[in-house]
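One structure is given below, encoded as structure tokens.
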Number of protein chains: 4
Amino acid sequence: MSRTRLEAFSDGVFAVAITLLALDLAVAGPGHGPLLRQLADHWPSFVAYLISFSTIGIIWVNHHALIADLAVVDRALLYLNLVLLLFVVVIPFATATMAEYLTLGGQDARVAMALYAAALAGLGLSFGGIFEWTLRPGRRQRPVPERARWTARLRFGIGSILYLAAIPVAFLSPPVALTVIGAVAVYYIFERTPALGPRADDQRE
Amino acid sequence: MSRTRLEAFSDGVFAVAITLLALDLAVAGPGHGPLLRQLADHWPSFVAYLISFSTIGIIWVNHHALIADLAVVDRALLYLNLVLLLFVVVIPFATATMAEYLTLGGQDARVAMALYAAALAGLGLSFGGIFEWTLRPGRRQRPVPERARWTARLRFGIGSILYLAAIPVAFLSPPVALTVIGAVAVYYIFERTPALGPRADDQRE
Amino acid sequence: MSRTRLEAFSDGVFAVAITLLALDLAVAGPGHGPLLRQLADHWPSFVAYLISFSTIGIIWVNHHALIADLAVVDRALLYLNLVLLLFVVVIPFATATMAEYLTLGGQDARVAMALYAAALAGLGLSFGGIFEWTLRPGRRQRPVPERARWTARLRFGIGSILYLAAIPVAFLSPPVALTVIGAVAVYYIFERTPALGPRADDQRE
Amino acid sequence: MSRTRLEAFSDGVFAVAITLLALDLAVAGPGHGPLLRQLADHWPSFVAYLISFSTIGIIWVNHHALIADLAVVDRALLYLNLVLLLFVVVIPFATATMAEYLTLGGQDARVAMALYAAALAGLGLSFGGIFEWTLRPGRRQRPVPERARWTARLRFGIGSILYLAAIPVAFLSPPVALTVIGAVAVYYIFERTPALGPRADDQRE
């Protein structure tokens, strides 16, 4: 399998999933009260859209950085990548469910938030699995030095740890769990650790 | 990040968003009156489809012209591009909401039209942000001469200004705001200012 | 604009539209009678899916043959191509509406079939517009000889003529119009006129 | 038709279909009982999602292996590929219908499972058709030796045979049929027969 086609298929799934996120923004329509009130009551959907869009966007940016440097693409990687995509595809469902139940409070809001955190944890862990695969000898065009590996593992792993932590937190307080999840997105947008040598994404064409 | 993958992912999002626009054309179906009347009453959806399809199409054409000449793709550009895509993805939602409320009149029609104008303003402004990024030294293969910059800024900025203006106009008269928005699409289709030197999109292969 | 990105975006739209066609296959679900009866009553959706899938598939195959040989991609072509895609995107809506109303008979069935034929005529005519554009001097890598042009025009035009004819026919008899539309798809699948010199799609890599 | 565009279009359809699978995960929403119970009652959708996602993923992996080695792409292959995609696109519909009716039992559950098995059998058989096409002289860059052909035919054919067998089995016992279908996915994930010479997907870049 060429790297190109792995990227093309993954980009397609990322693109469709990120676009489907917006389907949940739709309000109930005429006959359900003033539009302004409907939009205002709908705020969890907008917040959820922003967080999930950012998260999938970040995963896409980092996915590229991982793939761009590969020297080999084997069947194990293809299946690891499919596991990642399986969670990408689940995100619109988990996002919509979380947004629908968030303001209802009670046990349902807790379950919905835990489901959302679990989907994101699955995303983070499967991304980590691909990263570990790329660390094996001969897999990358430029091997990652031993010390840089741990920096990178921490860098990629911190998200998964926080997503996993957000699952029990969701049962104590859904808003706190959502704040943690949103903070992870903000962290990755501004994170600048040069973890993998010269940054693949800053290179000139 | 290679320019190629940035384009592939963006094209995927553009393609999905532009196709989802048509989902809103669906009529209520059998049992809701004669089909011809349903289609006729549904005219705002068809007008909205035409305007939004054209607008996303134009952004796609110009997006290419911007990206094709880049000498460097860095993380800042990736995130600017994600902001643009965030608004692209919101367009089908804003279009559907506007079309649903337009003929109802009253405050709801005004809010729906202002929402639509705001989504388009977000699209225009984030496009402008990417354009400003490409003007910095070293970012383009062929730098844009100082004088041409202002022509190009005006060319790209006129849309954003009119979209922003359409927000307050929507509260005075939704149809006038819609006319302004439609006029912007027509303007960009026929606009031929050679703003960026030899037009990237007229070049031979 | 490179040919590559024109193809990538068009392929994306074709792929999403062709996949959305299947959304209309969904039956009403539990509580609406035996599944077997629901599926049987739903036969117009399956027929419509087959015809529309084939039609979009054929347009995609021929779209490639047109694009593959281009020497130049200009802004006019981009907008002609957007008009084609505008009709591609409309096909799932027109297909679903036609399938829903076909077995109800009466005026609604006629309107729905005419709408379907009109959408396909728009598809055929915009494809013909792109073809005419490619015939102008310098547009193709291998110019089409004068005599072959008329063969090709006939080849591409026969579909549009039959789709246009199907619009009034739909008001006389929706099933006859549907048969004509289905026959066009069958014709293009087996049509082998070597209209454009050595067939682009038979070439070796 | 270049191999590249055949791949791009197919990848687009695979990507959209695999993402649409997740639309069926949505629960009924607030007012339909505790979320946890809704999710629990919804288990067939999750199982169906896993199986269908894996199956489309496997077909995508093997589709690449088939296409990557082609020396020629002709019109017959394009139409064979469209038949394959026709079934890919049907999978989300068949999956959703199966999941909805599975736990209801009775004749409807049997019909729904048979429909699912039939869609998968169509997928397997059309894939087998493409494989046979590639075996003809001159079609591949590296011809498949006579003995390896039968190994490969068996390898690709076992899925189709089991899917076909699952159709009558569905009328005896839907759960058994589902188990057979799930087992096929597991088989293909771990199957390692070097059927087509040096594995295309293990090659270095």
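Taking a probe of 1.4 Å and counting only protein heavy atoms, give the total accessible area buried between chains B and C in Å², rounded to the nearest 100.
Working: alone 11060 and 11070 Å², together 18710 Å².
The B and C chains share an interface burying roughly 3400 Å².
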Using only Cα atoms and rounding to the nearest 10 degrees, what angle (0 to 90) does helix D:146-172 make with the longest principal axis of chain D? 20
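In the range D:114-195, what percent of the accessible surface is made up of carbon and sulfur (1.4 Å probe, ligands and nucleic acids excluded)? List each step's numbers first, then the result.
Details: 2900 of 3930 Å².
Answer for the range D:114-195: carbon and sulfur cover 74 percent of the accessible area.
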Other copies of B:I189: label-to-label distances in nm, shortest first, labels 7 Å along the beta-carbon direction: 3.5, 3.5, 5.0
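Below 14 angstrom from the Cβ of B:G157, what's the summed charge of the other residues (Lys, Arg +1; Asp, Glu -1)? Numbers along the way, then the final one.
Numbers: positive: B:R149, B:R153, B:R155; negative: B:E132, B:E191.
Residues near B:G157 contribute +1 overall.
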Which whole-number value in Å² is the accessible area per residue of the range D:85-167, probe 1.4 Å? 39
Once amide hydrogens are built 1.01 Å from N within the peptide plane, the residues lying 5 or more places from C:R140 or on another chain with amide H under 5 Å from its amide H are C:A71
If you place +1 on the Cβ of every Lys and Arg and -1 on the Cβ of every Asp and Glu, how big does the dipole about the Cα centre of chain C come out, in debye to the nearest 20? 700
Counting alpha carbon pairs within less than 8 Å and at least 6 residues apart, what relative contact order, in whole percent, applies to chain A? 23
Copies of A:L135 compared via label points 7 Å along Cα→Cβ give distances in nm, shortest first, of 4.5, 4.5, 6.4
Once every Cα of the range A:66-205 carries one equal point scatterer and solvent is ignored, give the base-10 log of I(q)/I(0) from the Debye formula at q = 0.13 Å⁻¹, two decimals. -0.64
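Beyond 37 Å, how much of the Cα-Cα pair distribution for the protein assembly as shown remains, as a whole percent?
Numbers: 145813 of 335790 pairs.
Tail of the P(r) past 37 Å holds 43 percent of the pairs.
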Using a label point 7 Å beyond Cα on the Cα-Cβ vector, give me the inter-copy distances for C:G105 in nanometres, one decimal, shortest first. 4.1, 4.1, 5.8
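What whole-number value in cubic angstrom gives the convex hull volume per residue for the C-alpha atoms of the range B:13-58?
Values: hull volume 2.6 nm³, N = 46.
So the per-residue hull volume is 56 Å³.
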Using alpha-carbon coordinates, inclination of helix B:43-68 to the longest axis of chain B, degrees: 10
Local net charge near C:L115, Cβ-Cβ under 13 Å (Lys/Arg +1, Asp/Glu -1): -1
For chain B, whose charge dipole is built from +1 on Lys and Arg Cβ atoms and -1 on Asp and Glu Cβ atoms, the candidate among B:A118, B:F93, B:P175 with its Cα farthest towards the positive end is B:A118
Separation of the range C:79-112 and the range A:1-55 by C-alpha centroid, Å? 27
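The values are calculated or read from the model by the stated rules, or taken from the named source; none is laboratory data. Quantities reported herein were computed from a predicted structural model and do not represent experimental measurements. We place every Cβ from the backbone using ideal geometry, glycine too, and count neighbours over all the protein chains shown. Side chains included, ligands, DNA and RNA excluded: accessible areas come from the protein's heavy atoms. Shrake-Rupley method; radii C 1.70, N 1.55, O 1.52, S 1.80 Å.
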